[in-house]
Amino acid sequence: MTTLIDRRMGVFLAGLFVLTVLIPAGNLASDGALVPSYIVSLFGKYLCYALLAVALDLVWGFCGILSLGHGAFFALGGYAMGMHLMREIGDRGVYANPLLPDFMVFLNWKELPWFWLGFDQFWFASLMVMLVPGALAFVFGWFAFRSRVTGVYLSIITQAMTYALQLAFFRNEMGFGGNNGLTDFKDVLGIPLQTDTARAGLFVLSALALAAGLLIARAITTSKLGMILVCIRDAESRTRFMGYRVEGYKLFIFVVSAMMAGVAGALYTPQVGIINPGEFSPANSIEIVIWVALGGRGTLVGAALGAIIVAASKTLFTGWFPEFWLFALGGLFIVVTLFLPRGVLGLIEDGLASLRGGGARRAVSAAREDGQAPDAAPEAEARA
Amino acid sequence: MSVQLQLDGVNRSFDGYKAINDLSLSVDKGELRAVIGPNGAGKTTMMDIITGKTRPDSGKVLWNQSLDLTKIDEAGSARLGIGRKFQKPTVFETHTVEENIALSLKAERGVFATLFHRRTEAERARITELLQLVRLEEARDRPAADLSHGQKQWLEIGMLLAQDPELLLVDEPAAGMTDAETMRTADLLRSLAGRHTVIVVEHDMDFVRALNCRVTVLHQGHVLTEGSLDHVSSNPEVIEVYLGR
């Protein structure tokens with residue numbers, strides 16, 4: 001039996017813990033001199049991305065469902081939280097309407113649409129953050145998996161799903177702020193969002209959510225159900241002949257993953273201060289796949305790492321040479337696909353393993369030249 | 001003897017090609033039956049129909065003389081107690097040999113049952129017993145991908161037995177095995193008959209002879225003849241369509 005926290009997970013969680021203490025504490029203690037406030041929000045955002053990557057790795061890495069629409073679940077979670085934040089603004093909006101958000105007043109709406117009811121309650125919004133993406137994943141998965149849609153076809157319809165939602169959310173009539181989305185948030189649970197306390201709190205919450213997500217994903221993937229997911233990924237038809245209803249398993253993991261993505265979105269919205277239909281864009285969903293592939297598919301920790309690495313590089317790159325970012329991202333993806341079949345995590349673990357090989361460093365580098373690394377890959381993949 | 005499986009006037013065509021043509025076949029409980037026939041005789045389609053992978057255009061497939069198998073999917077047929085071994089051994093390569101057996105063991109197949117499953121002492125003992133039977137105890141912690149072709153065949157037989165099915169559908173079990181292994185497989189299948197019903201699809205005549213059982217000859221989706229191996233192999237039609245080639 002595999003343990004819940006193996007070394008890989010232990011090291012990552014320890015690192016996450018150190019970050020979670022150092023970044024907010026450094027910011028609060030030095031009043032922003034040592035760790036600027038924007039860094040707290042920025043890293044908090046990376047942690048949300050990491051959770052989203054873990055969610056995708058659950059379905060793609062372990063069950064072979066290549067979802068190109070996971071951004072939709074993330075965005076729905078973000079919108080659910082955004083709706084609560086809008087309601088919290090109350091009469092402090094530009095039009096000072098106590099009930100209606102500004103954009104509704106602007107559109108001359110007289111009353112709150114039914115689907116906005118309840119979002120003034122934080123607990124209700126928190127529930128919806130998981131239930132709405134979960135319900136969409138359930139309905140979508142129910143039809144797709146029962147009809148045995150797999151492979152590229154499934155990827156394409158997930159892509160179509162997120163694109164359709166993007167177009168729908170662009171429309172003002174939908175009641176979600178159209179093009180501009182939801183923004184101008186003031187506070188959450190009475191704490192003003194622009195304060196360092198709120199930033200630190202959100203950062204810690206994101207870290208906790210990531211840790212919880214990783215542990216839940218790990219518990220699922222090391223269970224008997226997790227083994228069956230891998231069976232489905234590798235030989236779906238054979239799994240059916242063993243008596244397992246494949247569609248039920250796929251539906252379960254798809255819904256769990258969508259809910260996890262929803263939580264990531266909900267924590268993302270208050271940290272970036274806006275949620276708009278751009279989050280549904282197909283390109284966003286494809287980027288999630290790149291994070292997971294780059295970090296190391298089917299490793300959970302690798303997915304989280306991949307998200308943080310790519311998101312951080314994006315911040316740096318778009319600052320230095322904005323026009324080259326997409327080329328860099330594409331290049332990165334090609335390099336990983338060609339030379340790092342197990343992703344960055346595989347590279348790190350192989351590197352550590354050869355360092356631990358002790359004095360035989362020369363032998364190791366010689367073996368490398370003999371192409372030992374590619375040989376080791378299938379074995380390692382087997383372990384994962 | 002009660003009838004385990006009965007096919008009655010089954011038809012199935014693919015794009016106008018009649019893969020199964022008015023096929024009727026009856027297998028008793030505990031019987032060992034060999035099905036032979038040239039390529040394209042409809043052997044695989046027949047197994048697909050029995051296991052719910054393919055729906056027949058017409059005809060009945062009765063399980064235990066009562067249940068209609070044509071309404072049931074693959075997982076449903078497996079849960080009823082129909083185990084299938086494929087021609088090309090398909091084991092789960094990234095899982096260890098032990099896990100392959102463990103996942104096949106007869107147990108609750110539901111999503112939540114497997115999520116909260118903990119391996120019991122009885123299951124552990126059964127896994128070891130099966131690994132000994134298929135002579136893979138040494139390899140139990142190795143990924144199944146590392147096994148030789150013959151070992152994979154054995155592992156798949158072990159997985160099939162782990163399901164403890166009432167009916168075993170075995171497609172060319174001897175393919176890729178050495179002569180000694182082939183004979184051992186024949187012995188194993190013979191020993192399973194009685195407790196299980198076994199249908200073996202095979203090309204290898206020495207193997208079929210070693211099974212020493214009733215033989216059904218399929219041709220163009222239809223039963224050509226049935227009887228002992230000597231009886232069918234002296235039938236001039238059989239010689240013409242199959243053995244003579």
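Annotations for the structure displayed:
- Restricting B:V223, B:V241 to those that are more than 13 Å from B:V35 (Cα to Cα), over 17 Å from the mean Cα position of the chain (by Cα) and touching a residue at least 40 places away in the same chain (Cβ under 8 Å) reduces the list to B:V241.
- Residues that are more than 16 Å from the chain's Cα centre (by Cα) and of a type in the set (F, W, Y) within region A:76-96 comprise just one, A:Y95.
- Residue in region A:171-190 that is at pLDDT 95 or above, aliphatic (A, V, I, L, M) and part of a helix (DSSP H, G or I) present: no
- Looking only at region B:67-94, and only at residues there that are of a type in the set (K, R) and either within 7 Å of chain A (Cβ to nearest Cβ) or surrounded by 20 or more Cβ atoms within 10 Å (Cβ to Cβ) (or both), the one that is nearest to B:D8 (Cα to Cα): B:R84
- If you check A:L189, A:L225 for being over 30 Å from B:F92 (Cα atoms) and of a type outside the set (D, E), only one passes: A:L189.
- A:I253 being within 23 Å of A:S206 (Cα to Cα) and at the interface with chain B (Cβ under 10 Å from one of its Cβ atoms): yes
- Filter pass, A:F280 being within 14 Å of chain B (Cβ to nearest Cβ) and either buried (at least 24 other Cβ atoms within 10 Å of the Cβ) or in contact with a His (Cβ under 6 Å, 6 or more places away or on another chain) (or both): no
- The set of residues from region B:117-139 being surrounded by 13 or more Cβ atoms within 10 Å (Cβ to Cβ), within 14 Å of chain A (Cβ to nearest Cβ) and basic (K, R) comprises just one member, B:R119.
- Criterion: at pLDDT 95 or above and either away from every other protein chain (no Cβ under 14 Å) or under 20 Å from A:F17 (Cα atoms) (or both) - qualifying residue of A:L215, A:L225: A:L215
- Looking only at region B:1-41, and only at residues there that are of a type outside the set (G, A, S) and in a loop (DSSP other than H, G, I, E, B), the one that is modelled with the lowest pLDDT: B:M1
- Test result for A:I274, in contact with a strand residue (DSSP E or B) (Cβ under 7 Å, 6 or more places away or on another chain) and not basic (K, R): yes
- Helices (runs of 4 or more DSSP H) (entirely within region A:1-114) containing at least 3 residues that are over 26 Å from A:E279 (Cβ atoms): A:7-29
- Selected residue (criterion: surrounded by the fewest Cβ atoms within 10 Å (Cβ to Cβ)) from residues of region B:29-66 that are within 14 Å of chain A (Cβ to nearest Cβ), of a type in the set (S, T, Y) and closer than 19 Å to B:P173 by Cα: B:T44
- When A:Q271 is tested against (1) touching a Ser or Thr at 6+ places or on another chain (Cβ under 6 Å); (2) surrounded by fewer than 17 Cβ atoms within 10 Å (Cβ to Cβ); (3) more than 14 Å from chain B (Cβ to nearest Cβ), only condition (2) is not met.
- Taking region B:70-93 as the range and being part of a helix (DSSP H, G or I), over 11 Å from B:I50 (Cβ atoms) and either at pLDDT below 90 or in contact with a Phe, Trp or Tyr (Cβ under 8 Å, 6 or more places away or on another chain) (or both) as the test, the residues that pass are B:A75, B:A78.
- Some residue of region A:285-298 being within 14 Å of chain B (Cβ to nearest Cβ) and either buried (at least 24 other Cβ atoms within 10 Å of the Cβ) or within 27 Å of A:W325 (Cα to Cα) (or both): yes
- Extreme residue, nearest to the other protein chains (Cβ to nearest Cβ), among residues of region B:95-116 that are in a loop (DSSP other than H, G, I, E, B) and surrounded by fewer than 18 Cβ atoms within 10 Å (Cβ to Cβ): B:R109
- Test: residue in region A:189-207 that is away from chain B (no Cβ under 14 Å) and among the charged types (D, E, K, R): yes
- Residue match in region A:228-248 (condition: away from chain B (no Cβ under 11 Å) and in contact with a Phe, Trp or Tyr (Cβ under 9 Å, 6 or more places away or on another chain)): no
- Inter-residue pairs, beta-carbon under 6 Å, first among the β-branched types (V, I, T) and in region A:65-80, second outside any loop (DSSP other than H, G, I, E, B), 6+ apart: A:I65/A:V59
Okay, residues lined up against (1) more than 17 Å from A:V54 (Cβ to Cβ); (2) in contact (Cβ under 8 Å) with a residue 60 or more places away in the chain; (3) not basic (K, R):
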| position | (1), (2), (3) |
| --- | --- |
| A:C231 | yes, no, yes |
| A:R238 | yes, no, no |
| A:R245 | yes, no, no |
| A:V256 | no, yes, yes |
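- Any hit, region A:148-160, residues being crowded, with 17+ Cβ neighbours inside 10 Å and either assigned to a strand (DSSP E or B) or modelled with pLDDT under 95 (or both): yes
The values are calculated or read from the model by the stated rules, or taken from the named source; none is laboratory data. Please read these numbers as outputs of a predicted model, since none were measured by experiment. Please note: Cβ atoms are built from the backbone with ideal geometry, for glycine as well, and neighbour counts cover all protein chains shown.
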